[in-house]
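I have placed the structure first, in the form of structure tokens, so that the comments after it can refer back to it.
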Amino acid sequence: MNETYILETVEQFSQISESDFGGNKVKRAPDNKTVYVERFGEIAWAVMMTEYKIAGATYSAGYSSFSQTVYINLAH
């Protein structure tokens, strides 16, 4: 997953909401998190979030290759 795709996804998310973009899932993560812990049963791993500034708002986003999900939150 490249930075350009994640930035485009965050831009779409800021305008639309949670949905499916290009076969990858997009989910809202809790606000103000820089790391999101993704869990499947007894397995868990960290998804590192990167800040993006879109139209005056700051979002954090990270990609999980396991679930093919982009996690996005509003960063303050």
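The numbers here are math on the coordinates, done by the rules we state, and not lab data. Keep in mind that what you see is a predicted model, and the values were worked out from it rather than measured. Please note: Cβ atoms are built from the backbone with ideal geometry, for glycine as well, and neighbour counts cover all protein chains shown.
Per-structure values
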quantity: Dipole moment magnitude, nearest 20 debye, the chain about Cα centre, only Lys, Arg, Asp, Glu C-beta charged; calculated: 140
quantity: Under-5 Å amide H pairs with residue 26, H placed in peptide plane, nonlocal only; calculated: 19, 21, 70
quantity: Length added when fully stretched, residue 7-residue 48, from 0.36 nm per residue minus Cα-Cα; calculated: 13.3 nm
quantity: Sum of -39500 (n - 2.57) over DSSP H runs of 4+, divided by residues of the chain (222 nm, nearest 500); calculated: -5500 deg cm²/dmol
quantity: P(r) histogram, all alpha-carbon pairs of the chain included - 5 Å bins from 0, percent; calculated: 3, 17, 31, 27, 15, 5, 2, 0
quantity: Residue of 51, 42, 11 that the Gaussian network model of the chain assigns the largest fluctuation, springs spanning Cα pairs under 10 Å; calculated: 42
